[in-house]
Structures are given as C-alpha cells and as structure tokens.
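**Q** Supplied in structure tokens, the structure appears directly below.
The values are calculated or read from the model by the stated rules, or taken from the named source; none is laboratory data. Quick caveat: nothing in here was measured; it's all calculated off a predicted structure. Note that each Cβ is placed from the backbone with ideal geometry, even for glycine, and that neighbours are counted across all protein chains shown.
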Amino acid sequence: MTKHVVASDDLAMQIGPDSNPIAIFDEWMKEVHLLGLKEPNAMTLATSSPSGEIHARTVLCKSWSEDGLIFFTNYNSQKGHDLAANPYAAAVFFWDALSRQVKVDGTVEKTSRQVSEEYWRSRARESQLSQFVSQQSQPAPSREDLEKLRSEAEAKFHGQEIPCPAHWGGYLLRPKAIEFWLGRPGRLHDRHQFVKSTQHWTYRRLYP
C-alpha cells in the first residue's frame, strides 16, 4: 500500500513570488516518481466543444518544459475535435499519496511533426499497432473486431516499421495559469497560483 504523506510546512514556505512554477512542477514530479506510483504523470484533461459541452479524460503527460506540457493522442478523437474548434484546455494532476494537486490552464497547439514521429518511434510496437488501427472515440462493433484489425496490421507490417499515422501526434499545453495545492490538517490547505503575463509569472496565495 502506498504511504500517505502530508505536505510539510517547509515545502509550503518554499513557494512564493520568486518561485518558478515549472521548476516546482518538475521537483514535484521527481518526488512522485520516487514513490513508485503507477502512472504518476497521469492528468485529467478537460476540453470543451463549440457548443460549450465539457469533456474530460485521463491522459499521460509525456514531457514538460518552460513552454508547457506535452501529451499525445489521435487528432480525430473527441479531444482532437474539441481542440480544433476551441484550443483551450485545463489539466489536473492529483497525487493523494502526497496530498498534492496541480492545476494547469492554457492554450493548446499541435507539436511539430518531428516531435510526434520521434515519440512514436520510442513507443512499444504493441502500442503502435493499437494506435495505428484505432478510430479513437468512434463506436467499435466488438472486441473481436478490434483484435482482428490489430492482427491484420501486425501481418501487414511484419518485419517493417509501423509508420506514425498522419492523424496521430502531440499537443503542447501552454500554461496561462498554474496552481499548486498542498493538503493540510483541518482542511486549511495551501494554494499557490501563478498567472503568466507576457514572459513573466505573477504569484498569489489563494484561500483554500
């Protein structure tokens, strides 16, 4: 069973006006990975349709930098259609074992084709096969049909590299706001928000 750790006073005091939110995020990610959690980089991603319907799902954040967070998916999926029409999204990481949460709000754009193909080549072949045949978010007749499509693709590309589909690739979530939440006893939690204006981050503490 994963040990539950409550955020310390020292950690809370380290976050302030002079902090770099991306550096904080990177440090938290390192700590989460040390816990050995399954899928520590999982984030709930919320998008909205042109009519205002909200759609949320869990995806994996594959990398991050000062530019933002990168995840990969099928561009023809529900999230892909949402982002094509409304390129804004929100992401939430929640690590109960550390009593911590990170919220990221911002704009979304596709990564370069080079970034998408480089990541595609790093994936396991089984994952490549699954994504190659997937018509993500569309109705699937049966499990048998899915297995058949994958088997057909496996035979087709036997002894060959599986090409990265044109409809599959990465997205970059460029943060406009990042909030760090630390659980505290008595629910008097710490909330630290950073809002980006031009190239600078503005810090403020929020009430829990």
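**Q** Considering each of 117, 126, 161 in turn, give the residue that is modelled with pLDDT of 90 or more, of a type in the set (D, E, K, R) and closer than 26 Å to residue 29 by Cα.
**A** That would be 117, the only listed residue that is modelled with pLDDT of 90 or more, of a type in the set (D, E, K, R) and closer than 26 Å to residue 29 by Cα.
**Q** Of the residues that make up segment 125-134, is at least one touching a residue at least 60 places away in the same chain (Cβ under 8 Å) and not in a helix (DSSP H, G or I)?
**A** Yes, because at least one residue in segment 125-134 is touching a residue at least 60 places away in the same chain (Cβ under 8 Å) and not in a helix (DSSP H, G or I).
**Q** Now a separate question. Which members of segment 147-163 meet the condition of being among the hydrophobic types (A, V, I, L, M, F, W, C) and exposed (fewer than 15 other Cβ atoms within 10 Å of the Cβ)?
**A** 155
**Q** Need the failing condition index for residue 4 against (1) crowded, with 17+ Cβ neighbours inside 10 Å; (2) at pLDDT below 90; (3) of a type outside the set (Val, Ile, Thr), just the number.
**A** Residue 4 satisfies every listed condition except (1).
**Q** While we're here: With the structure loaded, tell me whether residue 107 is under 21 Å from residue 131 (Cβ atoms), surrounded by 12 or more Cβ atoms within 10 Å (Cβ to Cβ), out of contact with any Gly (no Cβ under 8 Å at 6 or more places or on another chain) and not aromatic (Phe, Trp, Tyr) or whether it fails that test.
**A** Criteria not met by residue 107.
**Q** Among the residues of segment 60-81, which ones are hydrophobic (A, V, I, L, M, F, W, C) and either buried (at least 17 other Cβ atoms within 10 Å of the Cβ) or in contact with a helix residue (DSSP H, G or I) (Cβ under 6 Å, 6 or more places away or on another chain) (or both)?
**A** If the condition is that a residue be hydrophobic (A, V, I, L, M, F, W, C) and either buried (at least 17 other Cβ atoms within 10 Å of the Cβ) or in contact with a helix residue (DSSP H, G or I) (Cβ under 6 Å, 6 or more places away or on another chain) (or both), then 61, 64, 69, 70, 71, 72 are the ones that fit.
**Q** Taking residue 188 and the conditions (1) exposed (fewer than 14 other Cβ atoms within 10 Å of the Cβ); (2) over 28 Å from residue 116 (Cα atoms); (3) in contact with a Phe, Trp or Tyr (Cβ under 9 Å, 6 or more places away or on another chain), which numbered condition does it fall short on, given that it satisfies the others?
**A** With (1) exposed (fewer than 14 other Cβ atoms within 10 Å of the Cβ); (2) over 28 Å from residue 116 (Cα atoms); (3) in contact with a Phe, Trp or Tyr (Cβ under 9 Å, 6 or more places away or on another chain) applied to residue 188, the lone miss is (3).
**Q** Are there any pairs, at least 6 apart or on different chains, whose C-beta atoms fall under 6 Å, with the first in segment 86-112 and closer than 18 Å to residue 178 by Cα and the second among the aromatic types (Phe, Trp, Tyr) and surrounded by 20 or more Cβ atoms within 10 Å (Cβ to Cβ), and if so, which?
**A** Taking only residues 6 or more apart or on different chains, the pairs are 101/181; 102/93; 102/180; 108/171.
**Q** Within segment 11-42, track down each residue that is crowded, with 17+ Cβ neighbours inside 10 Å and within 24 Å of residue 202 (Cα to Cα).
**A** Matches in segment 11-42: 11, 15, 21, 22, 24, 25, 28, 29.
**Q** Given the criterion surrounded by 20 or more Cβ atoms within 10 Å (Cβ to Cβ) and among the hydrophobic types (A, V, I, L, M, F, W, C), identify the matching residue among 91, 84, 166, 140.
**A** Result: 91 is the single residue among 91, 84, 166, 140 that is surrounded by 20 or more Cβ atoms within 10 Å (Cβ to Cβ) and among the hydrophobic types (A, V, I, L, M, F, W, C).
**Q** Looking at the structure I just gave you, is residue 138 within 26 Å of residue 91 (Cα to Cα) and either small (Gly, Ala, Ser) or not in a helix (DSSP H, G or I) (or both)? So that I can check it myself, show each step before the final result.
**A** Numbers: within 26 Å of residue 91 (Cα to Cα): yes; either small (Gly, Ala, Ser) or not in a helix (DSSP H, G or I) (or both): yes.
It is true that residue 138 is within 26 Å of residue 91 (Cα to Cα) and either small (Gly, Ala, Ser) or not in a helix (DSSP H, G or I) (or both).
**Q** Output yes when any residue across segment 185-198 is part of a helix (DSSP H, G or I) and closer than 26 Å to residue 86 by Cβ, and no when none is.
**A** No.
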